[in-house]
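Have a look at the structure below, then the notes.
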Amino acid sequence: MMGKMLLVLLSFVMLTGCGVQDHILEDVLLAEVVGYDTAEADKIKGSTVVSVSQSGEKSSMGKEVYTAVTHTDKNVRQQIESEAPRSLVGGRLSAILYGEKLARKGIYDYVDTYRRDPAVGRDLYLAVVSGKAEDIINVESKMLKTPGVKTEEIIDHNSKTHLPETSLHSFLYYYSGKNMDPVLPLLEVEQNHIKIKGIALFKDDTYIGKYIKYEDGFLFKVLLENFKKGVYEARIKEHSYIAIDNISSRVKYEIKDGNGSPEISIKAKIKGGVLEARNIELKSQSAVTAIEKKSEKTLEKKLDRMVKMFQDNNIDPLALGDRVRSQTRNFDSKHWEDVYRTVPIKVDVDVELVQQGITD
Amino acid sequence: MKFFKSEKKVPPLQHDTSIPYAEVPAKDFEELFKKFKASADFLSFQYPSEAAFTVSYFKSIVGPDQVHQEILPVLTQQHPSTLEEVKNGIPVENIIISNDLKVIQDAVMTGSVIIQINPDNSHCLLVPCASSEKRQISIPETEFSVVGPKEAFVESIETNINLIRKRLPVPELQMKEIKVGRISQTRIAVLYIDGIVDQENVQTVIQRISDIDYDAIVDISFIAQMIADNQNSVFPQFIDTERPDRAASGLSEGKVVIIVDGSPQILTGPTTITNFFTAFDDYFVTWHIASVFRLIRVFAVLFSIMSTAIYVAVTTYHYQSIPADLLPTLIASRGAVPFPPILEALVLEGTIELLREAGARLPTKVGQTIGIVGGIVIGTAAVQAGFVSNVLLMLTALAALASFTTPIYQISNTIRIIRFPFLLSAQLYGLLGVAICAAFFVCHLLKLTSLGRPYLEPIFPLRVKDLKDSFIRLPFSSQTQRPEILRTEYSSRMQPKPKEDSRDIDE
């Protein structure tokens, strides 16, 4: 008994020799954002922001940028190691950025390497940068006022209102799933600030060069999922706008004849409050109803155009194909791909203004 | 290993028979008296005059007043001629006349006075008049409570039994007495309430105590260790308490109480791990408050065991899991420290243990100063010198504080010790190591028993009924049954009331 115990204890200690590798917190470089761009002659340029610990001072982390130009992605890390004072670790990565040019060539190879790494979380953000990813990296490294990674924070708080959820996990889901395409946030640098330009549209892993404008991100989110935040400004008539504060938005897909000639009707119901009403009278119930009708029409028009644009480009960011599959027995995926561009899709929006705020 | 053994044969030690064990009395009366007279405090004199009675006793354990007022006057005034007449004359109970050497030796050594008529006659009259010094009953110190009784046990077994008996004035409260210890002849009492207690528990206790073979039983902690189910466990398997109210309440639940003469603590058993998180003043406050306090204690203990281990694991292996807002603070405080986290943690835990040990050994007044000086001065200095990080300093100080929230002193020692295996395994394998270590301790606890009853009850085996008084305490109206773990012969604590009709508003 005693011998057995000793053996267990001994093996517990001895097994640490088999490569238990430690990463002591202050002895590693924590990569925070990584960016990839195309470089000359089929090469890629990787750049990364790392936080550098500064002992003694509280709550201030220095940031440094490392860049390298190589053929493969992991090699970028090797190259960076050659100039880094300590080993670079990816466990705290919060965002991976891809330059526009690279994204148009397809990004899966550069996503795959992070998919395989167990140290990397599944909840980090991927994004496309209008222009060069390196620019964002450079801006990011200068933002030191508060702790935290700006790129991550910007995407994080916008994904409650204007962006669909775009983590590594959901990208892989939409990429690997049949009859659907991923979307990623599109970032840009404007006057030394990182800014969301819109939602970049993908065909499989390739950026098609088109995007949904940031303001219309709310509309895309209305179609994609149920959510409870966000503001949308609808134009009622010339010089009069109404800002609708979303209280609850629900979407329902009705699908007919998935394997034959499918018909899709998307029903969205937005319960909202009036945040701002410029040049609009909201005193009587009938006026409110009229405004509701008017804004419904505006939204429907925009959404119809958006869906049409998806069909014209033969992309499916709403995962319509997958929704049809889930409601059709013996779904014929091949047939769907053939008819997708011509499927009649009807968007029906129901706006209900449940609060008008404090008036008079 | 044979190589290292010397070939020389050591002759076996002579078995020393001269040690006067209680079971081996002297050969004859002369020899016994010779042994007595070897001690300077043994008095032997002729009274009232030469060739009259011989009176002899150990003056250090006999009450002189009793001898002067009750024994000597009888010899002078009544002029008895036989021991029988003396016996009738002396107004003291339990006087015996004996020529059994063992009886004589036992009686003399516990404070009896020997009276002989003829020195050659080995028949002796033994008058018990022991006087023993004892402390006044004082306030409980290790189990202090703000409300509730303020009595604590003292070193005298009679006083202690008195404290219990006056709380439970029923003849069913019964007591068995056993003497243990070859030299110390310690009196050990086993108390229980007949009709409630499971006789099997009583038998187990009595059997284990009678099986003890040791020279001197100085304190109850000796007994607690000797009769434990698993003597190699770090977990205490009996609750020792200095509160008579806790003892009485344990007895009424169906527990067995062990009292040792000379020890101001008593043992109750069988015990489960939840009892160690139960302070007796939990019953003095309403059940909501008591439940919250108990849960706080449980979390405090978990925190105390795990906090430094998790700190080491996270800073050494799992930099991913630190919240982003905490990271700069943590790195800034770790940055100045030249040691890896494990050394840092060991240094700090070591310091805290030093303070604790020094505080416990030194006299109260100095001890307090040491605690404050050590805590504040050494702590601040260590951080400023860059020996430890202030995050860890805070964690360790909290952990030390948390380990004192347990009401039973013995378990707080356990918590203090089992932190170190967790710390080391955190260094070896990170959080996986902490999990492995936790699994090891859980396995150990699952196997552990107290007087043959499962230690982890009511969690495993799950006995939902016993949860009513474990990590939470339900109101007294729900405490109608005694704990199932005690297998009581009569389990109801009160007459079940007939259900009241719900009052209608029309009535």
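The values are calculated or read from the model by the stated rules, or taken from the named source; none is laboratory data. Here the structure is a predicted model, which means the values were calculated and not measured. FYI the Cβ positions are ideal-geometry reconstructions off the backbone, even for glycines, and counts take in every protein chain you see.
Structure values in brief
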item	result
A:N246 vs. criteria surrounded by fewer than 18 Cβ atoms within 10 Å (Cβ to Cβ), of a type outside the set (A, V, I, L, M, F, W, C) and touching a Lys or Arg at 6+ places or on another chain (Cβ under 9 Å)	no
Among the residues listed as A:Q79, A:Q21, the single one being within 14 Å of another protein chain (Cβ to nearest Cβ) and among the polar types (S, T, N, Q)	A:Q21
Residue satisfying condition, being surrounded by 21 or more Cβ atoms within 10 Å (Cβ to Cβ) and of a type in the set (D, E), within set B:E344, B:E349, B:E357	B:E344
Hey, A:P164 assigned to a strand (DSSP E or B), crowded, with 16+ Cβ neighbours inside 10 Å and under 15 Å from the mean Cα position of the chain (by Cα) or not	no
Flag for A:R86 being of a type in the set (D, E, K, R) and either surrounded by 24 or more Cβ atoms within 10 Å (Cβ to Cβ) or free of Cβ contacts under 8 Å to residues at least 60 places away in the same chain (or both)	yes
Selected residue (criterion: farthest from A:E238 (Cα to Cα)) from residues of region A:280-309 that are surrounded by fewer than 14 Cβ atoms within 10 Å (Cβ to Cβ) and among the hydrophobic types (A, V, I, L, M, F, W, C)	A:M309
Residue match in region A:175-182 (condition: free of Cβ contacts under 8 Å to residues at least 60 places away in the same chain, more than 14 Å from chain B (Cβ to nearest Cβ) and in contact with a Pro (Cβ under 7 Å, 6 or more places away or on another chain))	no
Residues (part of a strand (DSSP E or B), of a type outside the set (A, V, I, L, M, F, W, C) and away from chain B (no Cβ under 12 Å)) located in region A:86-101	A:Y98, A:G99
Set B:S425, B:S412: member being of a type in the set (S, T, Y) and within 22 Å of the chain's Cα centre (by Cα)	B:S412
Residues of region B:456-502 that turn out to be part of a helix (DSSP H, G or I) and surrounded by 10 or more Cβ atoms within 10 Å (Cβ to Cβ), as a count	9
Boolean, A:A68 is assigned by TED's automatic domain parsing to the domain that holds A:L184, without any contact (Cβ under 8 Å) to a residue 24 or more places away in the chain, among the small types (G, A, S) and surrounded by 17 or more Cβ atoms within 10 Å (Cβ to Cβ)	yes
From the options A:I247, A:I242, A:I236, residue that is free of Cβ contacts under 8 Å to residues at least 60 places away in the same chain, aliphatic (A, V, I, L, M), more than 30 Å from A:N138 (Cα to Cα) and in the same structural domain as A:L353 (by TED's automatic domain parsing)	A:I242
Some residue of region B:285-292 being more than 10 Å from chain A (Cβ to nearest Cβ), buried (at least 20 other Cβ atoms within 10 Å of the Cβ) and either basic (K, R) or part of a helix (DSSP H, G or I) (or both)	yes
Top-ranked residue of region A:119-142 - restricted to ones that are within 14 Å of another protein chain (Cβ to nearest Cβ) and either assigned to a strand (DSSP E or B) or hydrophobic (A, V, I, L, M, F, W, C) (or both), ranked as surrounded by the most Cβ atoms within 10 Å (Cβ to Cβ)	A:Y125
Extreme residue, farthest from the other protein chains (Cβ to nearest Cβ), among residues of region A:43-61 that are modelled with pLDDT under 85 and under 27 Å from the mean Cα position of the chain (by Cα)	A:S51
Residue list for region A:83-118, filter: basic (K, R), closer than 25 Å to A:K210 by Cβ and within 18 Å of the chain's Cα centre (by Cα)	A:R104
Residue that is in contact (Cβ under 8 Å) with a residue 12 or more places away in the chain, closer than 30 Å to A:L9 by Cβ and among the hydrophobic types (A, V, I, L, M, F, W, C), where the choices are B:A426, B:A358, B:A397, B:A382	B:A426
So B:V434, is it within 30 Å of B:Y317 (Cβ to Cβ), buried (at least 19 other Cβ atoms within 10 Å of the Cβ), modelled with pLDDT of 95 or more and not polar (S, T, N, Q)	yes
Criterion: more than 19 Å from A:D304 (Cβ to Cβ) and within 28 Å of the chain's Cα centre (by Cα) - qualifying residue of A:I270, A:I280, A:I242	A:I242
Yes/no for A:R116 being without any contact (Cβ under 8 Å) to a residue 12 or more places away in the chain and either among the small types (G, A, S) or more than 14 Å from chain B (Cβ to nearest Cβ) (or both)	yes
Members of region B:40-65 that are in contact with a strand residue (DSSP E or B) (Cβ under 7 Å, 6 or more places away or on another chain) and among the hydroxyl-bearing types (S, T, Y)	B:S44, B:Y47, B:T54, B:S56, B:Y57
Helices (runs of 4 or more DSSP H) contained in region B:301-384 and holding at least 1 residues within 14 Å of chain A (Cβ to nearest Cβ)	B:327-335, B:341-361, B:379-384
Pair list, Cβ under 7 Å, 6 or more apart: region B:24-53 residue closer than 14 Å to B:I114 by Cα, other residue small (G, A, S) and at pLDDT below 85	B:F29/B:S122; B:L32/B:A26; B:Q46/B:A52
Any chance B:L101 is of a type outside the set (V, I, T) and either touching a strand residue (DSSP E or B) at 6+ places or on another chain (Cβ under 6 Å) or closer than 23 Å to B:S132 by Cα (or both)	no
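Per-residue answers, yes or no, for (1) within 25 Å of A:V52 (Cα to Cα); (2) of a type outside the set (A, V, I, L, M, F, W, C):
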| position | (1), (2) |
| --- | --- |
| A:N138 | yes, yes |
| A:K142 | yes, yes |
| A:S170 | no, yes |
| A:Y173 | no, yes |
| A:G177 | no, yes |
| A:D181 | no, yes |
| A:D204 | no, yes |
| A:E215 | no, yes |
| A:V222 | no, no |
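Listed here are the residues, each with its yes/no results for (1) out of contact with any Asp or Glu (no Cβ under 7 Å at 6 or more places or on another chain); (2) not in a helix (DSSP H, G or I).
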position	(1), (2)
A:K267	no, yes
A:K271	no, yes
A:V288	yes, no
A:E292	no, no
A:K297	yes, no
A:F310	no, no
A:D322	yes, no
A:R329	yes, yes
